[in-house]
1. How high is the relative contact order of segment 73-172, given as a whole-number percent (alpha carbon pairs under 8 Å, six or more residues apart)?
2. Sort PHE51, PHE123 by heavy-atom solvent-accessible area, probe 1.4 angstrom, most to least.
3. Helix 2-19 sits at what angle to the longest principal axis of the chain, using alpha carbons and giving 0 to 90 degrees rounded to 10?
4. What ranking of THR66, THR44 comes out by heavy-atom accessible area, probe 1.4 Å, highest first?
5. Please count, across the chain, the pairs of lysine residues with Cα atoms under 22 Å apart that sit 8 or more places apart or on different chains.
6. Return one number: the angle in degrees, 0 to 90 and rounded to the nearest 10, between the long axis of the Cα atoms of helix 161-177 and the longest principal axis of the Cα atoms of the chain.
7. When the chain is fully extended, how far beyond the present Cα-Cα distance does SER157 get from LYS173, taking 0.36 nm per residue of separation?
8. Among (1) 1.46; (2) 1.06; (3) 1.40, find the value of Rg/Rh (Cα atoms, Kirkwood Rh) that was calculated from the structure presented, and write down its label.
Amino acid sequence: MKRSLFITMNCLVGFALFAQDISDNGKNLHDICPAETCTYITFTSTIYFPFEEDKQWEIRNMEIATKKSGHFMATGDLYVHGLDTGAALSLELVFISEDDKELYRQIIPEFEFYNEPTGAEPFFMIGQMDEELASVVSYVDVDINGSRRMPYYEIASDCYHACKEHQLNEALKTFRKAK
């Protein structure tokens, strides 16, 4: 009797943990960069690596704001799947015109990432391109140059949730001040 109760409780707890939503940071750029000064692009679906069925990590709420001056900022909520698992990622933002011409590429060098099991963590990128290019950006694509999973204790960074939130807020201030 005790054994069956124990097994039943473990199954229920497992299902509850499996069904939990991943909490994330949400949209960050929409109110910072109004349409008269920025091109605001938001991704309507989640980015999965390598595929949704066998995902190692995912990016939710990906968005990019590009100022007429060429300054841009990208943010998103990154979640690494797997217990006590981190990832090292290398990405590129590809800015594209309305006629599908590639305008500019911004390499995001490899960065290491770890998050708590039920919470996505914010990540961001700030850069600048020529004003002429910024004025014709229509959409942005993300190229994944590299990804490798690792145990969280192999990550060299010691910046976790509060630190990442602070870095994001500082980057938002910097982007807001950029002319």
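1. Result for segment 73-172 is 39 percent.
2. The ranking, largest first, comes out as PHE51, PHE123.
3. With rounding to tens, the tilt is 10 degrees.
4. These residues rank, largest area first, as THR44, THR66.
5. So the count works out to 16.
6. 10 degrees
7. Extra length from SER157 to LYS173 when fully extended: 3.5 nm.
8. The calculated read-out lines up with (2).
The values are calculated or read from the model by the stated rules, or taken from the named source; none is laboratory data. Because the structure is predicted, anything quoted here is derived from the model rather than measured. In this analysis, Cβ positions are derived from the backbone assuming ideal geometry, glycine residues included, and neighbour counts consider all displayed protein chains. These area figures cover heavy atoms from the full protein model, side chains too; ligands, DNA and RNA do not enter into them. Shrake-Rupley method; radii C 1.70, N 1.55, O 1.52, S 1.80 Å.
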